[in-house]
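The values are calculated or read from the model by the stated rules, or taken from the named source; none is laboratory data. Keep in mind it's a predicted model, so treat the numbers as computed, not measured. Here the Cβ positions follow ideal geometry from the backbone for every residue, glycine too, while neighbour counts run over all protein chains shown. Ligands, DNA and RNA are excluded from the accessible area calculation, which covers all protein heavy atoms including side chains. Shrake-Rupley method; radii C 1.70, N 1.55, O 1.52, S 1.80 Å.
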Amino acid sequence: TGRSNGTPEPATTPASYVGRARMSATGQSLVYEARSGTSNVHRAPFDGARAVLGASEPVTSGSRAFRFVDPSPDGKFLVLGTGFLQQEDLFISAADGSGVRQLTTDGFYDRWPQWSPDSTLVAFYSNRSGKYEIWTTTPGGQLNQVTDGKDFSILYPRWSPDSSRMTFSDITNRRVVG
């Protein structure tokens, strides 16, 4: 009949994402898709001709799925963004991956982190104001909203070489603003 026979009960699964659940015709089995994933940052030396000079080596390890990474121009730090089946937050670490520290920790989507040319700020886009806007954070985690798109969302920040300006796209990708 489609009516419940009782109070719903939670079913714990061993995955960070469960979807596409289907009940068998007999009502005796439930099948579902379970996804788990990790991704880590690796580095490899290369020369000016972009030829790889050696084997790659891991910079991060573990269960976090780092989706975005940007090295600071001074070569001291990495800014890392998580995603893929987990909360999207920003992290910072030393260039060798040590000392990983969380910069944002909330329910918002913080994406596409980009270091400023002077390595003092990280720009990213986030929906923390109700729609996607460009924000910056210091390595200490001090947040500042940079844009107010009024009637459109703003994505993909890119710094000018002197850090004084930024370009970005709106969510429709019909305009680039600087």
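Just to verify a result, which residue in the stretch 56-66, among those that are assigned to a loop (DSSP other than H, G, I, E, B) and open to solvent by less than 90 Å² (accessible area, probe 1.4 Å), is farthest from L121 (Cα to Cα)? Step through it out loud before you land on a result.
So the first thing to find is which residues in the stretch 56-66 are assigned to a loop (DSSP other than H, G, I, E, B), and the list is 56, 59-64.
With the extra rule that they be open to solvent by less than 90 Å² (accessible area, probe 1.4 Å), the set shrinks to 56, 59-60, 62.
On the way: S56: 28, V59: 22, T60: 22, G62: 26 Å.
Applying the filter and picking the extreme gives S56.
Given the criteria open to solvent by 80 Å² or more (accessible area, probe 1.4 Å), farther than 25 Å from S160 by Cα and polar (S, T, N, Q), does T38 qualify? Taking the combined requirement at face value, the residue satisfies it.
A single entry from A11, A25 fulfils the requirement of being aliphatic (A, V, I, L, M) and open to solvent by 100 Å² or more (accessible area, probe 1.4 Å): A25.
Identify, from the list R64, R22, R43, R3, the residue that is of a type in the set (K, R) and within 30 Å of K131 (Cα to Cα). Don't jump to the end; show me each part of the working.
Details: R22 fails: within 30 Å of K131 (Cα to Cα); R43 fails: within 30 Å of K131 (Cα to Cα); R3 fails: within 30 Å of K131 (Cα to Cα).
Among R64, R22, R43, R3, only R64 is of a type in the set (K, R) and within 30 Å of K131 (Cα to Cα).
Results for (1) open to solvent by less than 10 Å² (accessible area, probe 1.4 Å); (2) at pLDDT 85 or above, shown as yes or no for each residue.
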position: A51; (1), (2): no, no
position: S116; (1), (2): yes, yes
position: K131; (1), (2): no, yes
position: I134; (1), (2): yes, yes
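Of all residues in the stretch 45-71, those that are farther than 16 Å from W112 by Cα and among the acidic types (D, E) have Cβ atoms under 8 Å from Cβ atoms of residues that are outside any strand (DSSP E or B) and open to solvent by less than 90 Å² (accessible area, probe 1.4 Å), 6 or more apart or on another chain, in E57/A44. Among residues that are over 16 Å from the mean Cα position of the chain (by Cα), part of a loop (DSSP other than H, G, I, E, B) and hydroxyl-bearing (S, T, Y), S4 is included. Count of the stretch 67-85 residues, restricted to those that are open to solvent by less than 20 Å² (accessible area, probe 1.4 Å), more than 23 Å from D162 (Cβ to Cβ) and either of a type in the set (A, V, I, L, M) or assigned to a strand (DSSP E or B) (or both), is 3. The residue that is nearest to I171 (Cα to Cα), counting only those in the stretch 96-111 that are surrounded by fewer than 19 Cβ atoms within 10 Å (Cβ to Cβ) and among the polar types (S, T, N, Q), is T105.
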